[in-house]
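Enquirer: The structure under discussion is supplied below as C-alpha cells; questions concerning it will follow.
No lab work stands behind these numbers, since they all come straight from the coordinates. Just so you know, these numbers come straight off a predicted model, no measurement behind them. For neighbour counting, all protein chains shown are included, and Cβ atoms are generated from backbone atoms with ideal geometry for every residue, glycine included.
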Amino acid sequence: MSREIRIYNTLTRQKKIFKPIVKNYVGMYVCGPTVYGDPHLGHARPGITFDVVFRYLQHSDYKVRYVRNITDAGHLENDADEGEDKIAKKARLEQLEPMEIVQFYTLSYHKAMAELNCLAPSIEPRATGHIIEQIEMVKQILENGFAYEINGSVYLDVNKYNEKYPYGILSGRNLEDALEGTRALDGQSEKKSGVDFAIWKKANPEHIMRWPSPWGKGFPGWHMECSAMSEKYLGKIFDIHGGGMDLVFPHHEAEIAQSNACNNCNPVNYWMHNNMITVDGKKMGKSLGNFINLEEFFTGSHAKLERAYTPMTIRFFILQAHYRSTVDFSNEALQAAEKGFNKLMTAMETLQKLSASESSTYNVNELEDKCYAAMDDDFNTPILIAHLFDGVRIINSAKDGKESLSSTDLEKLKNIFNAFVTDILGFISAKENSGHNLSNEIMELVLKLRANAKTNKDFDSADLIRDELNKLNIQVKDSRDGSSWELKK
C-alpha cells in the first residue's frame, strides 16, 4: 500500500503529502550529466539522492518511471547562449569525434553509478536522439507568440512570456532585477533583451554538432532537451523533477517557461533539488585545485586524499546528511563515515547469527515505525540512519546477552534491516565492496605496468598486455590523459 510521503517542493517552498497524478504511478525526471569529463563527487550526490527516492517509491508500492537524461549537445561554456559546446570543445582538444567523447564519458558515468550501487533509470534519453522533438517544441513556442527568430537563432521572449506567466517562480528571481543586471549587455547581442535565452541556435561554420531545421542548420538550446524529453516520456504534466540546486536557475526556470509557452501548463507538480558538496568549505572547482573525481576517491590518487575510500563509504557519507543540506568533504568526515558504515554492516552480519529467545525486551515495531516516519518525512536519510543505529545497539546487546528477541521479533528485525539498509539506502556489504575495489586496484596496477612498458619503448609488451586483456573481454582505451579500461558488453 502506498505510504503518505511528505516532499518539500522547491516551487512552493512547502512540504506536503505527495499525491501522484495517476494512482500508484510516479513519473520522475532527473537531470543527468553533461558527458565531457570524468564523473566527480558533484555527480555522485544527485545520483545517490534520487536513487534512494526511486528505491523508496518502489518500496512504497508505486510503479515508477524514472527518466534521467544524458546531455550530449547544446550545452555551451558557462551556460551561455554564445560560445563553444562543452563536448565539441573537449573533442577538439582531444582530436576525437564528439560522439567518441560522449561514449567514453557516458560509460565512465555508468561505471561510477554502478560502483555506488545506483539503480539504472527506466529510460536514459540523449539530447542528440531527440532533435526532432526539440524542433517541434520550438515551432510551437514560436506559433504561440512567445519566441522570435533572428539570423537563424530562436530566442524565448521572456518579457512577452512574463506578461502572461510569472517568470522566476521557481528561483524567486524578480524579472526587473534580472533586467537591471543585464543592461550592460545592451547593443552587444542580437537578443531583444539580455534575459531572453536561446531555444535554438544557429551553428557557426566551425561548430561541429549541427542539424537542419526550419531556421537553418543549428543546434538546440541546452534547456530545450529536458522540456522535450520529459514531455515525450512522462507527458505534459508529470510528478517529480529532480536535480542539483545549481540547476534551479537558469536551467529549471527555463524549463518551466518553455513548457508554459508551448503547452500552456506548468510541467511539474513537485520540484526536488539536492544541495551542493563543498571541499574544505569551498565550492569544488578545478581552478581551486580541490576538484576530485570519483575514480580518484576510489584509488586515493588525489593529493587532497589521505587514502582511498570505497564507493560505499562515499554513499554513506552523502546519505548521512539530508539531501537539501550542504555536505562538506574532508578526510576526517570520510573516515568517520567509513567507521559508521563498517559498524552498520558488521551489525548486519551479527544479526544473521543471533539466536532467538522466548520473549523480547525490545519493541521492534517501534523501530520500524520510526524508520518509515523518517523516510516519509522528505526522505530524511540521516534520521533513518540514526534509528538504524538504535537497532545496531540492540543487536550488539543481544549478542552480549543483555537484550533478548523472540523468534518473531528477530525475524522482523532482520526484515527491517534488509529493507532499509539494503533495499532503500542501497548499501552493499563491506566484503562485496572491498572485492570490487580490489579488482579496480589490480587493473590500475596492470595499466601502470603497460604505461611503463610504453615509456621504455617496449611496445611489444604493451601490445601483449592489451591483447591478453582483450581476450578476457577487458577493453583498454588510450587517450592523451592516459589509459582506462572497461568490460566489453
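Enquirer: Which trypsin sites (Lys or Arg not before Pro) does region 390-427 hold that lie in a coil by DSSP with at most 16 other beta carbons within 10 Å? Mind showing how you got there, number by number?
Expert: Numbers: sites: 393, 399, 402, 412, 414; in loops: 402.
Counting only loop positions with at most 16 other Cβ atoms within 10 Å, the trypsin sites (Lys or Arg not before Pro) in region 390-427 are 402.
Enquirer: Amide H neighbours of residue 329 under 5 Å, at least 5 residues apart or on other chains, H built in the peptide plane: list them.
Expert: Amide H neighbours of residue 329, under 5 Å, 5+ apart: 278, 279, 280, 281.
Enquirer: Sticking with this structure for a sec: Could you give the alpha-carbon Rg of the chain over 2.2 N^0.38 Å, rounded to two decimals?
Expert: Working: Rg = 25.0 Å, N = 489, 2.2 N^0.38 = 23.1 Å.
It is 1.08.
Enquirer: Something else about it: What number, rounded to the nearest 500 deg cm²/dmol, is the helix-based mean residue ellipticity at 222 nm of the chain, given -39500 (n - 2.57) per DSSP H run of at least four residues and division by all its residues?
Expert: On the way: 16 runs with 215 residues, N = 489.
Calculated mean residue ellipticity at 222 nm is -14000 deg cm²/dmol.
Enquirer: Quick check: residue separation of residue 419 and residue 122 times 0.36 nm, minus the Cα distance between them. What number comes out in nm?
Expert: Numbers: separation 297, 0.36 × 297 = 106.92 nm, distance 2.13 nm.
Roughly 104.8 nm would be gained on extension.
Enquirer: Rounding to the nearest 10 and keeping the result within 0 to 90°, find how far the Cα-based axis of helix 41-59 lies from the longest principal axis of the chain.
Expert: 70
Enquirer: Step through the residues of region 345-352 one at a time and calculate ³J(HN,Hα) from phi using the Karplus curve (6.51 cos²θ - 1.76 cosθ + 1.60, θ = phi - 60°), rounding each to whole Hz and writing x for Gly and Pro.
Expert: Per-residue couplings from phi come out as 6, 5, 5, 4, 5, 4, 4, 5 Hz.
Enquirer: Relative contact order for region 6-274: what is it in percent, counting Cα pairs under 8 Å that are at least 6 residues apart?
Expert: On the way: 436 pairs, mean separation 65.4, N = 269.
Once divided by the residue count of region 6-274, the mean separation gives 24 percent.
Enquirer: ³J(HN,Hα) across region 254-268 via Karplus (A = 6.51, B = -1.76, C = 1.60, θ = phi - 60°), whole Hz, x for Gly/Pro?
Expert: Rounded to whole hertz, the list is 5, 4, 4, 4, 4, 5, 4, 5, 8, 10, 6, 7, 5, x, 10.
Enquirer: Work out how far the C-alpha atoms of region 6-274 reach from end to end along every principal axis, then list the three figures in whole Å, largest first.
Expert: Computed over the Cα atoms, the extents are 54, 47, 31 Å.
Enquirer: Would you pull out the residues with amide H under 5 Å of residue 5's amide H, same chain only if 5 or more places away, H placed 1.01 Å from N?
Expert: HN-HN under 5 Å from residue 5: 18.
Enquirer: Take every DSSP beta bridge with both residues inside the chain and express the antiparallel ones as a percent of the total, to the nearest 5. All intermediate terms of the calculation are to be shown ahead of the outcome.
Expert: Numbers: 26 of 49 bridges.
Rounded to the nearest five, the antiparallel share is 55 percent.
Enquirer: Lysines within cross-link reach of residue 202: Cα-Cα under 20 Å, excluding same-chain residues under 8 positions apart?
Expert: 86, 89, 139, 191, 192, 217
Enquirer: Let me ask something additional. What spacing in nm lies between the two simple spin-label points modelled at residue 383 and residue 339, each 7 Å away from Cα in the Cβ direction?
Expert: 2.6
Enquirer: Can you tell me the equivalent ellipsoid semi-axes for region 1-150? Use √(5λ) from the Cα gyration tensor, largest first, whole Å. Mind showing how you got there, number by number?
Expert: Numbers: eigenvalues 190, 107, 37 Å².
Taking √(5λ) for each Cα gyration eigenvalue gives 31, 23, 14 Å.
Enquirer: What is the distance, in nm, between label points placed 7 Å from the Cα along the Cα-to-Cβ direction at residue 246 and at residue 485?
Expert: Reported label-point gap for residue 246 and residue 485 is 3.1 nm.
Enquirer: List, in order, the whole-Hz ³J(HN,Hα) value for each residue of region 91-107 obtained from phi through the Karplus relation with A = 6.51, B = -1.76, C = 1.60 and θ = phi - 60°; use x for Gly and Pro.
Expert: With the stated coefficients, region 91-107 comes to 5, 5, 5, 8, 6, 10, 6, x, 6, 5, 4, 4, 5, 4, 7, 5, 5 Hz.
Enquirer: Also, I was wondering about something else. Over region 1-109, what is the mean sequence separation of C-alpha contacts under 8 Å (at least six apart), divided by residue count, expressed as relative contact order in percent? Walk me through the numbers before you get to the answer.
Expert: On the way: 122 pairs, mean separation 31.1, N = 109.
Normalised by residue count, the contact order of region 1-109 is 29 percent.
Enquirer: For region 187-283, evaluate the Debye formula with one uniform point scatterer on each Cα (no solvent term) and list log10 I(q)/I(0) at q = 0.14, 0.23, 0.24, 0.25 Å⁻¹, rounded to two decimals.
Expert: Summing over Cα pairs of region 187-283 leads to -0.68, -1.19, -1.23, -1.28.
Enquirer: Right, another one. Please report, in cubic angstrom per residue, the volume enclosed by the convex hull of the alpha-carbon atoms of region 53-141.
Expert: Details: hull volume 12.7 nm³, N = 89.
Spelled out: Cα convex hull of region 53-141, divided by residues, is 143 Å³.
Enquirer: Within 10 Å of each residue's Cβ, count the other Cβ atoms and sort 28, 284 from fewest upward. Spell out each step's value before the answer.
Expert: On the way: 28 27, 284 17.
Listed from fewest to most nearby Cβ atoms, that is 284, 28.
Enquirer: Need one number: the % of Cα-Cα pairs in region 278-424 sitting beyond the 19 Å mark. Can you show the working numbers first?
Expert: Details: 6144 of 10731 pairs.
Everything past 19 Å amounts to 57 percent.
Enquirer: Please give the contour-minus-distance gain from residue 301 to residue 459: 0.36 nm per residue of separation, less the Cα-Cα distance, rounded to one decimal in nm. Walk me through the numbers on the way to the answer.
Expert: Working: separation 158, 0.36 × 158 = 56.88 nm, distance 2.60 nm.
Fully extending the segment from residue 301 to residue 459 adds 54.3 nm.
Enquirer: Here's a follow-up. Calculate how steeply helix 381-399 sits against the longest principal axis of the alpha-carbon atoms of the chain, using the helix alpha-carbon long axis, and give the answer as 0 to 90 degrees to the nearest 10.
Expert: The angle comes out at about 10 degrees.
Enquirer: Given a cut-off of under 8 Å on Cα pairs at least six residues apart, what relative contact order in percent is computed for the chain? Please report the intermediate quantities before stating the final value.
Expert: On the way: 723 pairs, mean separation 76.6, N = 489.
Reported as a whole number, the value is 16 percent.
Enquirer: Give me the extension gain from residue 399 to residue 143: residue separation times 0.36 nm, minus the current Cα-Cα distance, reported in nm with one decimal.
Expert: Details: separation 256, 0.36 × 256 = 92.16 nm, distance 7.10 nm.
Gain in length upon complete extension: 85.1 nm.
Enquirer: When a footprinting reagent is the concern and you count Cβ atoms within 10 Å, what order do 116, 319, 469 take, fewest first? Numbers along the way, then the final one.
Expert: On the way: 116 21, 319 25, 469 17.
The fewest-first ordering by Cβ neighbours comes to 469, 116, 319.
Enquirer: Return one number: the angle in degrees, 0 to 90 and rounded to the nearest 10, between the long axis of the Cα atoms of helix 224-234 and the longest principal axis of the Cα atoms of the chain.
Expert: Once rounded, the angle reads 60 degrees.
Enquirer: Quick one: if the Förster radius is 56 Å, what FRET efficiency do residue 331 and residue 165 give, using the C-beta to C-beta distance and rounding to 0.05?
Expert: So the FRET efficiency works out to roughly 0.75.
Enquirer: By counting other Cβ atoms within 10 Å of each Cβ, how are 279, 364 ranked from fewest to most?
Expert: On the way: 279 18, 364 21.
Going from sparsest to densest Cβ surroundings: 279, 364.
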